[in-house]
Amino acid sequence: CLVSGALQAITPIAIVAGAIYLFECMESTGCLAWMRGSMKSITGNHPVAEVMLIGWGFHFLVEGASGFGTPAALAAPILHSMGHGKLESVVCLLLFNGFSASFGAVGTPLWFGMAQATEVANDDLVRIGTLSAVALCACAVVIVPLVVRTLVPWEDVRANLLFIYLSIASIMLPVFCISFVSAEFPTIIGAVIGTIFTAMLIVLKVGLKPCSGSAKSGNTAATQSFGGMQVGNADTVVSGPPAIPVRLTGQRSVVMLTRSVRARTRNVVGRTLPLWLTVLLLVLTRLEPLPLKRLLTNATPAAELQLGILGDLTLSSSLVFGLRNIMRSPQHKSWSFAALYVPFIVPFIVVGSVTLMMYCRE
């Protein structure tokens, strides 16, 4: 009925609202600008490296955490600021999104969409997710290089096929393996592993060959550094630790080098905190052996309110809202919303608020 459908919409709306809050916090504190600048610095203006690190790896990471089109909104402008065409960047991200969306937003299409539509058990969802992962892995081998072609000339794609396939495998293999045990984590955990691995491939230049230089259609962004970072033509500059001194000798140089490395490490950990803390909280609240999942999903009513023909409203000690006997339907329709378990307050609101408190002086 209409009431039941409207209540079911609360879950995806809450997830989107939480993701927007998190990314707005990342933008206002400079964390997102720092990440953009870092990725630009790592790729070294290599078009294939840019597409695979940002369009493929970073997009997977954002989709795994938030979903609902967020990757295209975040990654496409970064690619465009690096000199790629506007339309081509959007097309590339939307095509890549087809590989990550099945397990996007912490598996929402499966545990919410598929489960609500078919009422299948959790074990069946995992099997469906595994079949989906098999199909995605098979398609990625053929389709991903063709998608890269939308931004990079074919001769450059062909010259860098080894790097492209290693980057594909670094994400799709973890997605495939994790899909056997979970319908929530394949995209986000695969993205963390794959993005780090792709960055290492770029730094070590594994499989990367020089490009023709005709891959980009716009003005390339200025060269970035890990110190003060400015993204594209934006005015936002994220400060970092001072450069490592290179001409000092003796004990003083060792001390200053150690301090600089520590400062850089703190900066990296702090600036990436919204991502790794989000992943950590999601894992901790969804692992069956840990008590957090049972604690956050306890639906035993602590309070109940009769709403007449609308039904019976319940609230548990774990902030699980419920409505039973909706419209007093003979089918005994019911609805529930675990406010602390659905990816809304935990982790998005919590992580976003922690990030704001860490960088409130900025």
**Message:** Using the Karplus curve 6.51 cos²θ - 1.76 cosθ + 1.60 with θ = phi - 60°, what ³J(HN,Hα) values do you get for each residue of the range 60-66, in whole Hz, with x for Gly and Pro?
**Reply:** 4, 5, 5, 5, x, 8, 10
**Item:** Label-to-label distance, nm, for residues given as S353 and D124 (7 Å Cα→Cβ offset)
**Value:** 3.8 nm
**Fill in**
The answer for the per residue Cα convex hull volume of the chain, in Å³, is 166 Å³
**Request:** Using only alpha carbon pairs under 8 Å that are at least six residues apart, calculate the relative contact order of the chain and give it in whole percent.
**Result:** 22 percent
**Neighbourhood charge, 12 Å Cβ-Cβ cut-off, centred on M358 and excluding it, Lys, Arg +1 and Asp, Glu -1** = +2
**Complete:** Taking alpha-carbon centroids only, the range 273-338 lies from the range 81-108 a number of Å equal to 32 Å
**Request:** Enumerate the calculated ³J(HN,Hα) couplings along the range 123-132 in order (Karplus 6.51 cos²θ - 1.76 cosθ + 1.60, θ = phi - 60°), each rounded to whole Hz, writing x wherever the residue is Gly or Pro.
**Result:** 4, 5, 4, 4, 5, 4, x, 5, 4, 4
**Message:** What is the angle, in °, between the Cα long axis of helix 250-271 and the longest principal axis of the Cα atoms in the chain? Nearest 10 is fine, range 0 to 90.
**Reply:** 40 degrees
**Prompt:** Cα gyration tensor of the range 83-188, axes a ≥ b ≥ c as square roots of the eigenvalues: rounded (a/c below 1.5), prolate (a/b > b/c) or oblate?
**Reply:** prolate
**Message:** Please list, by residue number, every one of the chymotrypsin sites (Phe, Trp or Tyr not before Pro) in the range 296-362 that is coil in DSSP and has at most 10 other beta-carbon atoms within 10 Å.
**Reply:** none
**Message:** If packing is taken as the average number of other Cβ atoms within 10 Å across a peptide's residues, how do 277-289, 19-31 rank, most packed first?
**Reply:** 19-31, 277-289
**Asked** Any idea what angle helix 348-358 forms with the longest principal axis of the chain, computed on alpha-carbon atoms, 0 to 90 degrees, nearest 10?
**Response** 50 degrees
**Computed [θ] at 222 nm, helices only, for the chain once each DSSP H run of length n ≥ 4 contributes -39500 (n - 2.57)** = -17500 deg cm²/dmol
**Asked** Can you count the Lys pairs in the chain with C-alpha separation below 23 Å, eight or more apart or on different chains?
**Response** 6
**Prompt:** Which percent of the accessible heavy-atom area of the chain goes to carbon and sulfur, probe 1.4 angstrom?
**Reply:** 67 percent
**Request:** Would you kindly derive the ³J(HN,Hα) couplings of the range 327-344 from the backbone phi angles with the Karplus curve 6.51 cos²θ - 1.76 cosθ + 1.60 (θ = phi - 60°), listing them in order in whole Hz, with x for Gly and Pro?
**Result:** 6, 6, 5, x, 7, 6, 5, 9, 8, 9, 9, 7, 4, 8, 9, 4, x, 9
**Fill in**
Under the rule rounded for a/c under 1.5, else prolate if a/b exceeds b/c, else oblate, using alpha carbon gyration tensor axes a ≥ b ≥ c, the range 15-79 is classed as oblate
**Bins of 10 Å, starting at 0 and running to the largest distance - Cα pair percent for the range 263-319** = 20, 26, 23, 20, 8, 3, 0
**Request:** With a 1.4 Å probe and every protein chain left in place, work out the accessible area per residue of the chain in Å², rounded to a whole number.
**Result:** 48 Å²
**Complete:** Helix 31-43: inclination vs the chain longest Cα principal axis, degrees, rounded to 10, gives 50 degrees
**Request:** Taking the Cα atoms of the range 21-119, report the difference between the largest and smallest coordinate on each principal axis, in whole Å and largest first.
**Result:** 48, 29, 20
**Request:** Would you mind telling me which residue in I189, I309, I54 has the biggest mean-square fluctuation in a Gaussian network model of the chain, where springs connect alpha carbons within a distance under 10 angstrom?
**Result:** I309
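The values are calculated or read from the model by the stated rules, or taken from the named source; none is laboratory data. Values in this document were obtained by computation on a predicted structure and should not be read as measured data. Virtual Cβ from ideal backbone geometry, glycine too; neighbours counted across all protein chains shown. SASA here: full protein model, heavy atoms, side chains in, ligands and nucleic acids out. Shrake-Rupley method; radii C 1.70, N 1.55, O 1.52, S 1.80 Å.
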